[in-house]
Each structure stands twice: as structure tokens, then as C-alpha cells.
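Peer 1: Quick one: this structure, given as C-alpha cells, is what I'll be asking you about.
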Amino acid sequence: MRRIGLEAAVFARSTFLQYVALFQWATIRGYIAYKILLPVTQILFFVELGVYATGRQNALYFALGNALQLTANAGIFGVIATVANERQYGTLPLLLASPANRLVTFMSRAIVNVIDGIATVLIGLAITVVLFGLDLHQANLPLLGLCVVVISLTTAGLGLMFGSIGLVMRDAIIIANIVYYLLLIVCGINFPVSRLPGVLQLVAYSLPLTRGVEAAREAAAGASLGHVSGLIGGELLIGLLWAMGGYVLFRALESWARRGGLQEAY
């Protein structure tokens, strides 16, 4: 029991320090501007593009999908940058030399970005309500909130997988761009996954966000938890598998970085 308490303390301390590292330098004005400008520009662009292609009646479909996809900004860019920045700023050798539990340290890197991702989606949904009149009167709001939390967790799990590459790759942010836009294309954000070729449908359902967005759309239409429990369970499983795969890759690349001196090279 004492061991669990110590690990929990390490997790909490690591999470707090991660918050300080990510956000302490930023001004409140800058953070708010970033959290408003990104959702507005992405949602407006894809809604107007979608309306031009398919008609005004589908505006809410595009608006809701892109509001939900914004969680990937924190889950992918935030988590990948977190791991890569340890190397860039010269703190990676200290992290790898510490006696702290690697799994606890690894997972704590994602928590701040999960919270940030939830905040980003809420702002995106608020913008959608104001600009496009998204009607949530019939929505199952607690279930919609649960879907937002779930997709924030699962996209962070994917970010941990690719963030591990930052241990040995200088410009890991390139990976973040590729993954972010891959999710935007194949995960049912702007069109149903069923319209993709068969191979890409397999890719879509092997990634986080796909089932979570589908469940959130159902929740916005008033569905019950029982109706979307399979989607939410599948989303959590996919996110866990990506996070565990990321941890295994992290440990493998940790050894490689030590042997090759990459932990101190940038």
C-alpha cells in the first residue's frame, strides 16, 4: 500500500511539473488566443468547404466533427512535443537517470495534455453552438461529456506512441503533423468512415477518435449509454493498446538512445 502511495505521489509531482513546463511560460492572453483562433479557423474552413460541396443542410455534421477532432491537437502535438522537448532542452539524461517508475513517469506526461484537450473540445463545441446553432437540447450531455473525455485520453495514448520517437528523432513534430492530419482524413470527421476504401476503413478503426466521434454524434442526437457502450469500450481499448505500445517503444528507444549518445544530442 505504501508503494502505491509513493508511486501516486511521483505521478502527481510529475504531472504538476509537466504543467509548469508546458504552460508556465505562456501568458493567459496568448493561451486564450490560441485556444480560440485554432478552433474558429479549423471549424470555419471545413464547414464552409463541406457546405460548398454538399449543401447547407450538412453544416452541423462538419462543425461537430471538427470540434471533436480538436482534442488531437493536445493529444498528438502536445504529447509528442512533451517527450521531444526533454531531449531538446537537455533534461532527457536526468529523466532517464532518475529512479522513478518508468511507466508512472511515461503516463504522467500525457495527463496535462488530456485536460488541455478536453478544454479545447469544449471551446470548439461552444463556438459551434454560437456560430452554427448546434442544437443540444435533445443531446445526452453527460454522455457527450464522457465521449469528450474518452477521446482526449485515447488520442493522448496515440501521442505517447509517436512521442517516444522523439527520444531519437530531432524533428518529431513532423510526425505530429502527419498523425494529426491522418486522423482528420480517416476518422469520420468530415465524412462517414463507410465512404473510405476497405483498407482505409481498417486503418480508421485501428486508430483512436473514430469510434469516439461516432459515439459523440450519437450522444448529440440523444442516444443512451447502452446504445454506444460498444463504441466507447472499443475506443478505450484502442487507446490503451496504443499507449502500451508507446511504453514498450519508449523503453526500447531509451536503451538505444543511451548506447548511441542520442539522449544528449540535438
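The values are calculated or read from the model by the stated rules, or taken from the named source; none is laboratory data. None of these values were measured; they are calculated from a predicted model. Please note: Cβ atoms are built from the backbone with ideal geometry, for glycine as well, and neighbour counts cover all protein chains shown.
Peer 1: If you take the residues in segment 114-137 that are farther than 29 Å from Glu254 by Cβ and among the small types (Gly, Ala, Ser), which one is surrounded by the fewest Cβ atoms within 10 Å (Cβ to Cβ)? First the steps, then the outcome.
Peer 2: To start, the set of residues in segment 114-137 that are farther than 29 Å from Glu254 by Cβ comprises 118-137.
From what's left, among the small types (Gly, Ala, Ser): 119, 124, 126, 133.
Values: Ala119: 17, Gly124: 27, Ala126: 14, Gly133: 10.
Here the answer is Gly133.
Peer 1: Can you find, within segment 26-55, the residue that is surrounded by the most Cβ atoms within 10 Å (Cβ to Cβ) among those that are over 18 Å from Gly124 (Cβ atoms) and modelled with pLDDT of 80 or more?
Peer 2: From segment 26-55, those over 18 Å from Gly124 (Cβ atoms) are 26-30, 52-55; that's our starting set.
Okay, now just the ones that are also modelled with pLDDT of 80 or more, so 52-55.
Values: Tyr52: 9, Ala53: 11, Thr54: 14, Gly55: 9.
That would be Thr54.
Peer 1: Here is a follow-up. If we keep just the residues of segment 138-174 that are part of a helix (DSSP H, G or I) and small (Gly, Ala, Ser), which is surrounded by the fewest Cβ atoms within 10 Å (Cβ to Cβ)?
Peer 2: Gly145
Peer 1: Could you pull out the residue among Leu231, Leu183 that is in contact with a Lys or Arg (Cβ under 9 Å, 6 or more places away or on another chain), part of a helix (DSSP H, G or I) and crowded, with 20+ Cβ neighbours inside 10 Å?
Peer 2: Of the residues listed, the single one that is in contact with a Lys or Arg (Cβ under 9 Å, 6 or more places away or on another chain), part of a helix (DSSP H, G or I) and crowded, with 20+ Cβ neighbours inside 10 Å is Leu231.
Peer 1: Looking for something surrounded by 14 or more Cβ atoms within 10 Å (Cβ to Cβ), under 25 Å from Glu254 (Cα atoms) and either modelled with pLDDT of 75 or more or of a type in the set (Lys, Arg) (or both) - is there at least one such residue anywhere in segment 60-70?
Peer 2: Checking segment 60-70: not a single residue is surrounded by 14 or more Cβ atoms within 10 Å (Cβ to Cβ), under 25 Å from Glu254 (Cα atoms) and either modelled with pLDDT of 75 or more or of a type in the set (Lys, Arg) (or both).
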